[in-house]
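Notes follow once the structure below has been shown.
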Amino acid sequence: MPPPKAPTFLQLFFAGNLTQAISHQAQIVAADTMVEAPYLASASTLIKALRGAADPPQEGWPGKAEIALAAWRDTSFHVPRKEDVLRDWVLDSWTRGQGLLNTAYHDLLDEVAPASVIPLPILSSFFTAAKKQDISTVIPSACRSFRRPDPNAKSDAWVNVWISMLGYLSDSPDSAEQLVHLVTASMQAKYNPTNAKKSASTASASFPLYCKAYAHKIIRVDLNAILSLLIFHPTLPSPLPSLFASIEPTFPSTLSPFLAAIPDVFRSLVQYYHQQRYAIFTQASSSKVSLDVFIATKEREAVRATLEQTLGFLAKSQSDTTWDARAAVWAAIEGWGGYMERDERWGKLVHAEARTIESLLSRPSAPIGALLHTLSILERLDHDQTQIGPDVVRWCLASPATHHDIAETILSSLLRFAQLTHTLPTFFDLLVSSLDGLFDESLPEPAIASLYDLTIHGPVTRHRMRHEIVASLRSLQASKHFTILDLLSTRLRSLIAAPERPSKKRKRDEASDHASAMIGILTRILSYCLSATPLEDLQELLATWPEPASDIARAGRLRVARCIERLASRTILVDFTVSSGHPELEIETLRFLLHRGALNLASLKPNADSLLKLMEKATPDSPLWQILLAEGMILLDSVATPAQLDRLARLMRFPSTTVAWELPNFRDAIIRAVASGPNSAQLEALPPGYIDRKTRIQIVSQILANKQVVAFAPWLLQVADAETLGALSSDSKVLKHLAKSEALDLLSRVVTHTIKSDNVAVVEGIIPHLKSDTMIARLSEILMAHPVEKFVTLKPSLEKLYLAGKKPSSTDASPEEIVRFNTNVRFGRWLGLQIDSEMGDALLARVRDQPELAQIALETVASECDVEKILAACVHIYNTTSVDLSSTLRSIITDVPKAITLCLTILDGHASSVTRILVAIAPRSEDIALSRRAIQAVLAQPIDAALKISYIESLADEKPHALQHGDIAQLWAIALPVLDLGPILNILSTLTRRRPELILSTLPEVSDVLCAAFEFLQTPRSSVTVSNTSNAAAQAVSLARLFTAMTTMRTSKTQQTHETSPLAKYVPALLVAYVRAAAHPYKGLSPPVRRALEPGLHALCNLATAGGRVNARGREGEGLGTPFGLGEGPGGEGEKELWAELWRGWSKARYVGQG
């Protein structure tokens, strides 16, 4: 029988013995260790138990991983080379395929030997064992234990890991993002192909698995980077034929797994050709062609051949779903930037693709979006070969709303080409001919009306397109501008002169015939032209244009007349009457009225009533109101009578910002309107302080008299000054009414005002009328903000208020109910009541399955218990979830020294969880001796290095004087194997400013950490993306600032900088590390990162040349890096070139005081 064990910490916790669980944790652990377990009788017994076939070794024993962990944690149990024995046992078990998916094995290795080197076959076995298994709980532990793959592994081993990982991802719904990123990052750093052809062949054969794994969008960048690393090599031909051959048997019938992967592989290959063009394409020594010309030609030929292969393969499927992939392929060509327009072979590819798209656009089920997207790319690549005609332009003009953006892009490309080639008349002729074909006279009237609606809300009338048309016309010669105006006016004259097609069903307010629709669109285009150029003689057009019968045509006539009159600055159209009907006619009528008023203010006065009548019919969201507010309010304020302004003020629903607020006459009208009959929507729209005090008091009195306080609660809350709140609090009926309603904010303001006014008796009258739990909780929070002594006379009523707060069920309580319950408990304690509650324990039992309740559970425990149970609850939450409770801990723990002392008591049993607690609360301690004890205890624990770094980072920010030399030296030893650049830079920056002596005393270790930082900033050359480049650039900025600060740091405020800083002798090593990272053949520093590092590197150069080597006549730095291995890294001679470039850049940037 196994020996009896003492109760565990959590058993005591759930039994309610919290004080015993925390205060006597050390005694409990000691009592456990005094009972000798049979498997820990001797070293040989332990080894036999671990090497046995059964797991657990005997019935009643714990599992092997638990036995090994107990042996490791028992400091009195001696085994020679215990760490090596346990590490070798774990690795041997994994090699034999045992325990790979057991979290205990991974946690054991991470605790015993966190820096263990993992053989790559173990990684392959892990992914093989994980197939069709749920390993979501194993991944965090596996990422810690697998963080150091074998750096000396052969390339074949890495390829095996790659294939096994693809096999897992192809069948798993989980992307295993953390683990995949770890493996791919390690592979990018350490993969060095010995047989590139074999590796590429093996990787190509696994391309079907790769395509299935590519369905996990979150890891696509990592997967694409590794595939590029394996199949692209300067000595190998294009890998696309072998990739396509591997998926060809299933491609036409199974599309979805491949359509996302193929364009990205193509894009990566094009980027690889461009980046490695000098290594791939070699020129014969006898060639007389310029090297750059030769390389560019070969690169274009290779990319074109690759494009032909890809398009040909995708064309094997007749499915419409391939067009998204084809668009992505052409987008890669556009991004590459090497397309040659005059090359006939390139032109044939573009021409064939464009004609295919045109033929597909007429199909009912065609993928319009993908086709137009592809066509827009082709147009930008080669206008002459794309040859977009009226058929495509018609699709763009009347495209559905979902395709407006891409249709506008095509029209914009056509316009831009016409502007650059000085052929704008051709563009407008294309528009007119496309419109003629769109509104074909043979179409039925409902179809024409539908097409007209699509067109006027389509790309040609959008703001960006209008702006581009106007901008292009302003740069045009006058003669060509007149040609465009003549083209449009001639077409309009023909439409005006054409007889209207008779129809009994057509209404006057519909664009249901060819002429009306064409006039509606052409007048819009003509108005764009007239707003961009001098006036052409178009008065004849207005003179010969009779009053049309159609509302659309009448609106077009007003539109053209307004533009012509604005340019001529005089009245031309004489037969104008205010009319309503179609919304388009009403809009143009209003604009024409305001335009006439701007020309002659007196002309608006007789039409003011007509304008108001037009506005009376407008809905609140009508564009008529937007036009009036933007263009007409100043005019109406000048000419309208007070009665007319009052009429307008009653109609309007004011936006939050408008020029109308500052108009004196209209302001008076608004105040008269709201004073005579308050309207809640109008009052809420008024700016704060807009209504004077007298009117505001009058409005509040009306609201109180009409018993409309709840309806006007939002406005009353806006103007809740002392006078308004006093008026509200003086009426007990109003308060009771507010208490019964849901006007929480207003009631809170009123109650707070009455309490501050020492009128606490008002609270007693409110309490019986509170029906909502939310309002009870809100009132409780308001009362708790004041001393309880202020409410001595109300204690019986307040106790009733406490009892009115409902206690939720512990099994199905929602987070909102629990928050209200916590408020109620705190309110009871504020009253001095004795409260016993078990809600906290019940919530903690639900945290494992519902991590979102963690914060609420901890707050509940804090409202019920003291600091001991708060810490116990937090340990339990951290042991079972990954929720961060730092901010909550800082707000609820008030006795920080006691909390730290208790944490040190239980640190040995729950090191990781307790350390996370210390990270949150330790910086608030003023006891330096206690902080020193905590630092020593945390650094001695076998926990994750990131937790130790996070703890030191929190202390460095708040309590840097608690740190000593030994702490920092130990920190660098911990940080170097698992470098996390962000926290390390924060620690170094803080210490440089506040404790520089700790930096200077550990300069060798600091130098090693900073050299490793350059490797952290590297980016694989095959997968440079905007996201990872921007992240690395941000880190590089911080590193450059650190270098600058370190070169000028002082050990005290009074001591001047040394003539030669102690950091100077480490500068060459830092610069060599930078050059080596930048010149690496497979991963380097992106241009943004190198630019961000320049200020810091130049500061290091200044320090290295201080003391007499500044004036070296352009030879500074020569020979400085040779003793530190310059040119001996993977970059070879490239390192020396970058070294020289670094010093040349520094020499140009430095100021020598000679000008």
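The values are calculated or read from the model by the stated rules, or taken from the named source; none is laboratory data. It should be emphasised that the depicted structure is a prediction, and the values quoted were computed from it without experimental measurement. FYI the Cβ positions are ideal-geometry reconstructions off the backbone, even for glycines, and counts take in every protein chain you see. Protein only, heavy atoms only, side chains kept; ligands, DNA and RNA dropped before computing areas. Shrake-Rupley method; radii C 1.70, N 1.55, O 1.52, S 1.80 Å.
In this simple spin-label model, placing a label point 7 Å from the Cα along the Cα-to-Cβ direction at both LEU291 and LYS190 gives a separation of 3.7 nm.
Across the chain, Cα pairs under 8 Å and at least six residues apart give a relative contact order of 5 percent. For the chain, the solvent-accessible area of protein heavy atoms averages 46 Å² per residue (probe radius 1.4 Å; ligands and nucleic acids excluded).
What does the helix-only formula give at 222 nm for the chain: each DSSP H stretch with n ≥ 4 adding -39500 (n - 2.57), the total divided by the residues, and the result rounded to the nearest 500 deg cm²/dmol? Intermediate values should be presented prior to the final figure.
Details: 64 runs with 735 residues, N = 1155.
Rounded to the nearest 500, the figure is -19500 deg cm²/dmol.
In terms of its C-alpha gyration tensor, segment 101-216 comes out oblate, because a/c is 1.5 or above while a/b does not outweigh b/c. Modelled label positions at SER814 and GLU547, each set 7 Å beyond Cα in the direction of Cβ, lie 6.2 nm from each other.
Placing dummy labels 7 Å off each Cα toward the beta-carbon, the span from SER76 to HIS457 is 8.3 nm.
Remark: the Cα gyration tensor places segment 129-191 in the oblate category, a/c being 1.5 or greater and a/b not exceeding b/c.
By average Cβ neighbour count within 10 Å, what is the ranking of 352-359, 926-933 from highest down?
Numbers: 352-359: 16.8, 926-933: 13.8.
Most protected by this proxy first, the peptides run 352-359, 926-933.
Across the accessible surface of the chain, with the other protein chains kept in place and a 1.4 Å probe, carbon and sulfur atoms take up 52 percent.
Dimensions of the chain from C-alpha coordinates, computed as largest minus smallest value along each principal axis and given longest first, are 113, 107, 74 Å. Under 22 Å of direct C-alpha separation, and excluding same-chain neighbours fewer than eight residues apart, LYS694 reaches these lysines: LYS707. The peptide list 204-216, 554-566, 1118-1130, put in order of mean Cβ contacts within 10 Å with the highest first, becomes 554-566, 204-216, 1118-1130.
What's the ranking of 908-917, 883-892 by average number of surrounding C-beta atoms within 10 Å, highest first? Walk me through the intermediate numbers first.
Values: 908-917: 21.0, 883-892: 15.6.
So the peptides 908-917, 883-892, ranked by packing, come out 908-917, 883-892.
The calculated pair-distance distribution of segment 579-691 uses every alpha carbon pair, bins of 10 angstrom beginning at 0, and gives 14, 49, 31, 6, 0 percent. Among the listed pairs LYS733/LYS795; LYS82/LYS132; LYS198/LYS298; LYS790/LYS869; LYS288/LYS1136; LYS212/LYS348, those with a Cα-Cα distance over 28 Å are LYS82/LYS132; LYS790/LYS869; LYS288/LYS1136; LYS212/LYS348.
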